[in-house]
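This report refers to the structure that appears directly beneath it.
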Amino acid sequence: MVTLNERHPVEHIVGFIGVVLFHILVIWLLVVFLSAPKKQQPDTLPVQVQIVDVASSESAAAAAQPPAPEMIVPPPPEIEPPPINTEAPPQPKPPPVMKKPTKKAPPKTTVAPAPSAPTGTEGQGQSGNPNVGKPDRSAGSRPLNGAQIEYPPDMEAAQKEGRVIVSCDVEVTGSTSNCHVISSSGGQSFVQAALKYVNSARYRPATKNGSPIKEIGHRYTINFKL
């Protein structure tokens, strides 16, 4: 057996009202559409004349064209600046002090006076005349003619020193004779230099009772020192 659900009376009323409102809306739309005035179209359209400027058209065409791409030159590579030297500049060196060359002192040669002795073989010597005897004043030890002793160059270069004792006869005139070496030290060069010196020297002669006499065997000691 089939049973139908009965609808509520309110639902019938709501449905009826909806149908009525739908029909009213459709009728209103038809009235509005039919009552709208129609636009009258003219039989002929007006001719419009337009003057086109060729130059402006070309410029417009040029403007319409896309601009040429610009060549972008890449920037030069960055070069780091050289480091700044913050150190103080070196001070100039003072000019070297020129030392004055010191003159080398000439070697010293001294003639020692002859010591006193009773005989002519040593000491001051004796008179050339045996009858006269010992002189009152012996011959001088320093030459009167300015004779100089020459230091042997080889001994000076070798930084050697020496000593020579020479015996000479001093004449009445002061010149020497019969010179010979009694003793020497340092080398033969000193001996030759000593003999050369005494042979070229002229001394004050010995005297006896105020008169010059010849003195035999007067000794001269010559020291060679640097």
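The values are calculated or read from the model by the stated rules, or taken from the named source; none is laboratory data. None of these values were measured; they are calculated from a predicted model. Cβ placement follows ideal geometry from the backbone for every residue including glycine, while neighbour counts extend to all protein chains displayed.
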So, first residue closer than 13 Å to Val164 by Cβ and aliphatic (A, V, I, L, M) in the range 142-154, second residue outside any loop (DSSP other than H, G, I, E, B) and at pLDDT 90 or above, Cβ within less than 7 Å, six or more apart or across chains; the pairs are Ile149/Ala193; Ile149/Tyr197; Ile149/Ile222
Across the range 143-197, what is the total count of residues that are assigned to a strand (DSSP E or B) and among the hydrophobic types (A, V, I, L, M, F, W, C)? 8
Out of contact with any Asp or Glu (no Cβ under 7 Å at 6 or more places or on another chain), surrounded by fewer than 21 Cβ atoms within 10 Å (Cβ to Cβ) and in contact (Cβ under 8 Å) with a residue 60 or more places away in the chain - does that describe any residue in the range 184-200? no
Among the listed residues Ala193, Ala201, identify the single one that is closer than 20 Å to Ala139 by Cβ, in contact with a strand residue (DSSP E or B) (Cβ under 8 Å, 6 or more places away or on another chain) and of a type outside the set (Ser, Thr, Tyr). Ala201
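Any idea which of Thr221, Thr207 is outside any loop (DSSP other than H, G, I, E, B), surrounded by fewer than 18 Cβ atoms within 10 Å (Cβ to Cβ) and touching a residue at least 40 places away in the same chain (Cβ under 8 Å)?
Values: Thr221 fails: surrounded by fewer than 18 Cβ atoms within 10 Å (Cβ to Cβ).
Sole residue among the options that is outside any loop (DSSP other than H, G, I, E, B), surrounded by fewer than 18 Cβ atoms within 10 Å (Cβ to Cβ) and touching a residue at least 40 places away in the same chain (Cβ under 8 Å): Thr207.
Could you check how many residues of the range 174-225 are farther than 30 Å from Gln159 by Cβ and not hydrophobic (A, V, I, L, M, F, W, C)? Even if it seems obvious, please write down each step before you answer.
Pass one, the range 174-225, residues farther than 30 Å from Gln159 by Cβ: 174-178, 202-218.
Then keep just the ones that are not hydrophobic (A, V, I, L, M, F, W, C); that gives 174-178, 202-205, 207-212, 214-215, 217-218.
Residues that pass the stated criteria total 19.
Here are Ser211, Ser185, Ser138, Ser167: which of them is of a type in the set (S, T, N, Q) and modelled with pLDDT of 95 or more?
Values: Ser211 fails: modelled with pLDDT of 95 or more; Ser185 fails: modelled with pLDDT of 95 or more; Ser138 fails: modelled with pLDDT of 95 or more.
So the residue among Ser211, Ser185, Ser138, Ser167 that is of a type in the set (S, T, N, Q) and modelled with pLDDT of 95 or more is Ser167.
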